[in-house]
Structures are given as C-alpha cells and as structure tokens.
1. So in the range 116-136, with the set limited to residues that are hydroxyl-bearing (Ser, Thr, Tyr) and surrounded by 15 or more Cβ atoms within 10 Å (Cβ to Cβ), which one is nearest to ILE272 (Cα to Cα)?
2. Mind checking whether some residue in the range 324-336 is crowded, with 17+ Cβ neighbours inside 10 Å and not in a helix (DSSP H, G or I)?
3. So which of LEU413, LEU430 ends up being surrounded by 15 or more Cβ atoms within 10 Å (Cβ to Cβ) and closer than 13 Å to LEU58 by Cα?
4. Name every residue in the range 50-82 that is part of a helix (DSSP H, G or I) and of a type in the set (Ser, Thr, Tyr), in order of residue number.
5. Can you pull out the residues in the range 394-410 that are open to solvent by less than 40 Å² (accessible area, probe 1.4 Å) and either within 14 Å of ALA251 (Cβ to Cβ) or more than 26 Å from the chain's Cα centre (by Cα) (or both)?
6. Which of the following residues is of a type outside the set (Asp, Glu), under 17 Å from PRO180 (Cα atoms) and modelled with pLDDT of 90 or more: ALA264, ALA275?
7. Just wondering, is there one or more residues in the range 119-142 that are over 20 Å from the mean Cα position of the chain (by Cα) and within 21 Å of ILE103 (Cα to Cα)?
Amino acid sequence: MDASGEACRATWGSRLGFVLAAAGSAVGLGAVWKFPYVVGQHGGGAFLVIYLGCVLTLGVALLLAEMTVGRLTGQSITTALRTLGGRAWAWVGRIATFNAFAILSFYVVVGGWTVTYLMRAFTGSVLANDTQRLVAEFSAFTANPVASLASMGVFLGLTALIVAAGVQKGIERAGKWLMPALFLLMLLVIARALTLPGAMAGVAWFLTPDFSIISGDTLLEALGLAFFSLSLGAGMIVVYGSYLPRDARLAGSAVWVATLATLACCLAGLMILPAVFAFGVPPDAGPGLTFITMPAIFAQMPFGHAIAIAFFLLLLFAALTSAVSLFEPVAAFLIDEYQWRRSTAVLAVFVATFLFGAPAALSFGIWSDVRLFDRTIFDLMDYVTVNLLMPAGGLCIAIFVGTSIWPKARTVLEGSRAQWFVPVWRVLLLVLTPIAIFGVWYQTF
Ligand code: PHE
C-alpha cells in the first residue's frame with residue numbers, strides 16, 4: 001500500500017508549504033481567543049511557564065510522531081494506524097477523528113463570533129472605549145440564538161467550501177501570506193496595547209511566575225492548551241504529514257510548527273493581557289475576553305477602524321485554516337475508510353457539525369442553565385475534548401510510535417542533522433509523555 005498509496009496522493013508543493021499549512025492549522029483561535037483567557041483564568045506567568053514546558057518537550061515529540069505516521073503511510077490517521085499496527089490500533093484513529101469532529105463543533109461557535117465581529121468592524125460599531133458596553137454587547141450577541149447560529153453557519157459553510165476545493169488549492173495557498181500578515185498586525189496592536197496607561201501591570205502579571213497558585217486544574221489546562229494550540233492528538237498532523245513529499249525534513253518542520261504556534265500564543269497574550277489590566281477588565285472574564293478587549297484597543301489607535309477590519313479579517317482566516325484542518329481529517333476518514341466522494345463527505349460533515357455545534361452555541365443563551373458536571377454544554381465539550389481526549393490520543397500515538405513502529409519511525413530522521421534527537425525523542429515519547437499526562441490527570445481527579 002505504501003508506495004502505491006502515496007503515488008496517487010497529492011503532495012505539498014514545498015516544505016515551506018507544509019510548515020505553513022501545519023502552522024496555519026495550529027495558529028488560530030487557540031492562540032488569539034483561547035490562550036489569553038485561559039492564562040487569565042489561571043494566574044499568568046506560572047501558567048505560561050508550564051505551557052511552554054509542555055510544548056517544548058512533549059509537544060515537539062508528538063508533532064514529530066504524528067508527522068511520522070502520516071509520512072510513513074500517506075494515509076489519514078485511522079487507515080494509517082491500521083496499516084502500520086493492525087485493527088486494534090485503528091480504534092485510536094477513530095476516536096481521534098471523532099474528537100476532531102467534536103472540537104470542530106464548538107470551534108465553529110467561536111468562528112462565528114469572528115464573522116460577526118468582522119461585520120461590526122466594517123460598520124464601525126465595534127469601536128468603543130467603554131468596556132462595560134462591550135461586555136454587554138458581547139453577551140447580548142452570544143445569547144441571541146438566531147444571531148449565534150447564523151454566524152456559526154456562515155463560518156462552517158466557509159470551512160466546508162475550502163475543504164471541498166481540495167488540499168493544494170485551498171489550504172496551501174492561503175497559508176503563505178496570511179500568517180505573516182497576522183503576526184505583523186499583532187505586533188502593531190501590541191505596540192499600542194503596551195503604551196496604554198496601566199498596561200505594564202498586565203505585562204508583569206503575564207511574565208512573572210507565581211508558582212504558589214498552581215493547582216492540578218491549572219496543570220491540566222496548560223497541558224490541554226499545549227495540545228490544542230499545536231493541533232495534536234486529533235489526527236490532524238497525521239493527515240497533513242500524509243501529504244508530505246519524501247524528502248521533507250521532519251524534525252525541523254516539527255520545531256518550526258511548534259515555534260510559530262507558541263509565538264502566536266505569546267503575541268496574543270502580550271496583546272490582550274496588558275490591555276485587560278489597562279481597561280480594568282477582570283482577567284478571568286472567560287471566553288469573551290479577546291472579543292471584549294480588542295475593540296477597546298482599536299478605539300484608541302490611529303486608523304483604528306481600518307486596523308479593526310484587518311485584524312478580524314486575519315483572525316477569521318486564521319480560524320478558517322484551523323477549522324479546515326479539523327474538518328479535513330473527518331472528511332478524509334469518510335473518504336479513505338468508506339470510499340465516499342469528497343463532495344458527499346464534505347456535505348455530511350457540514351450537517352453533522354452544525355447539529356452537534358448548535359447546543360454549544362445555544363449554551364451562551366437560552367440553554368445557559370443546562371449544566372452537566374457544573375459546566376455549560378460549551379464548556380463541557382471544550383473540557384472533555386481538549387483536556388481529556390486530546391492528551392489521551394497523543395498518549396496512544398506516543399506509545400505506538402515509540403514501541404510498535406519504532407524501527408520504522410526512527411528511519412524518518414535518517415540522514416538528518418537531528419540524529420542526536422533520536423534517543424531523546426524515544427524517551428520523550430515513552431517516559432515523559434506518559435508521566436506528564438498521567439501525572440496531571442492524577443493531580444486533577
Ligand atoms: N490549533 C488550533 C487553534 O489553535 C485548533 C485545532 C486543534 C486545530 C486541533 C486542529 C486540531 O486554533
């Protein structure tokens with residue numbers, strides 16, 4: 001299957017194309033929306049240190065492991081695990097694929113928020129100094145069932161269109177200029193945010209670790225966020241890796257993807273958290289934090305209106321490239337496993353995601369009282385998929401690559417300068433990853 005399967009499979013135009021596409025998946029709402037508010041809820045600097053520790057160790061090791069599985073087989077995760085490891089392992093792939101679908105279902109809710117905020121940026125109604133008003137507007141919008149379902153539908157529809165257009169055309173082309181543009185714009189906004197009166201308290205809070213406030217829950221959130229921000233444990237890096245050309249240098253690609261993703265998170269933190277302090281918004285305000293704070297910064301910038309439009313446009317694109325990468329493994333699963341036509345698979349995933357995501361959208365409004373384990377539907381979906389299923393998926397892949405297919409896996413680093421990394425990689429996969437994940441779960445439950 002190996003050679004023939006690969007021969008007919010499209011490949012990325014270049015290594016840069018792959019790195020940017022994988023980074024395009026990684027950099028998205030996770031960095032700009034999730035990272036700042038989760039750091040805000042978990043005490044700043046200490047959380048940042050733990051998050052970075054997770055990314056640099058198990059994050060890089062797992063990125064490489066997922067790329068390897070994709071690269072060795074040229075298949076999406078379920079088919080790939082079956083080819084390499086037999087039928088039992090295919091279950092890991094199925095669960096990871098289901099997880100991608102579940103994440104997509106709540107991701108599109110927030111994607112919908114970016115659509116609406118982009119519209120508001122166009123009309124200029126988003127620019128306001130008054131954070132109380134911004135909070136009220138955010139709550140009113142997310143609580144409105146028609147508005148939130150409609151914007152979610154638009155975002156999901158855009159995602160489906162890109163996936164239907166196919167890998168090369170849809171994803172690769174977009175990644176090359178969007179990400180640099182987003183980074184540049186973030187730098188610009190940071191420059192303004194840092195010069196707001198009172199902003200330095202936020203910088204200090206973000207960068208000074210206070211480990212006394214770390215609890216099991218904080219560790220779990222940092223671990224989950226590391227997985228989420230690198231798009232790990234849900235089979236997506238496997239799918240992207242399956243389109244890699246033979247000569248791609250995997251270790252370097254993994255490090256690049258991790259660096260870009262972490263950089264995006266840190267930039268987003270530097271953009272939002274100082275402003276949060278300057279405007280007196282509570283840092284633990286929750287999922288609305290970015291959407292409440294950004295407009296207030298724009299209102300205080302020269303050319304704020306134009307910058308607001310550019311920012312929400314780029315955020316929308318960043319969110320779309322990530323959503324595409326969640327959509328793609330689910331569609332690829334149906335195509336590879338059941339030989340569905342691409343268009344049929346895309347339509348099916350679209351409908352199913354809408355139905356599964358609707359309760360998450362409604363849990364900000366009419367269903368906000370529906371609580372399970374003390375969480376809203378949205379929070380619960382986020383928690384279970386990101387903090388439990390992603391690490392679980394990553395753990396299985398780590399063990400699979402480190403044991404079952406290790407002799408083959410290590411060959412992907414042959415001939416590269418990263419030889420020294422081979423034994424380190426195995427230790428990270430078989431020792432550090434299980435200890436970290438079980439340790440964190442043990443602390444929390
Ligand atoms: N990493 C993406 C983000 O930060 C989310 C994502 C998770 C994408 C898992 C794909 C797979 O927005």
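1. It comes out as THR131.
2. No, that holds for no residue.
3. LEU430
4. TYR51, THR57, THR68, THR73, THR78, THR79
5. Hits for the range 394-410 are VAL401, ILE405, TRP406, ALA409.
6. ALA264
7. Taking every residue of the range 119-142 in turn, at least one turns out to be over 20 Å from the mean Cα position of the chain (by Cα) and within 21 Å of ILE103 (Cα to Cα).
For every residue, the table says whether it meets (1) more than 18 Å from PRO36 (Cβ to Cβ); (2) within 16 Å of the ligand (Cβ to nearest atom).
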{"position": "PHE279", "(1), (2)": "no, no"}
{"position": "GLY288", "(1), (2)": "no, no"}
{"position": "LEU314", "(1), (2)": "no, yes"}
{"position": "LEU320", "(1), (2)": "yes, yes"}
{"position": "VAL324", "(1), (2)": "yes, yes"}
{"position": "GLU328", "(1), (2)": "yes, yes"}
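The values are calculated or read from the model by the stated rules, or taken from the named source; none is laboratory data. Computed from a prediction, not measured in an experiment: that's the story for all the values here. Using ideal geometry, Cβ is built from the backbone for each residue, glycine included, and neighbour counts are taken over all protein chains shown. Remember, those area values only see protein heavy atoms, side chains included, never the ligands or the DNA or RNA. Shrake-Rupley method; radii C 1.70, N 1.55, O 1.52, S 1.80 Å.
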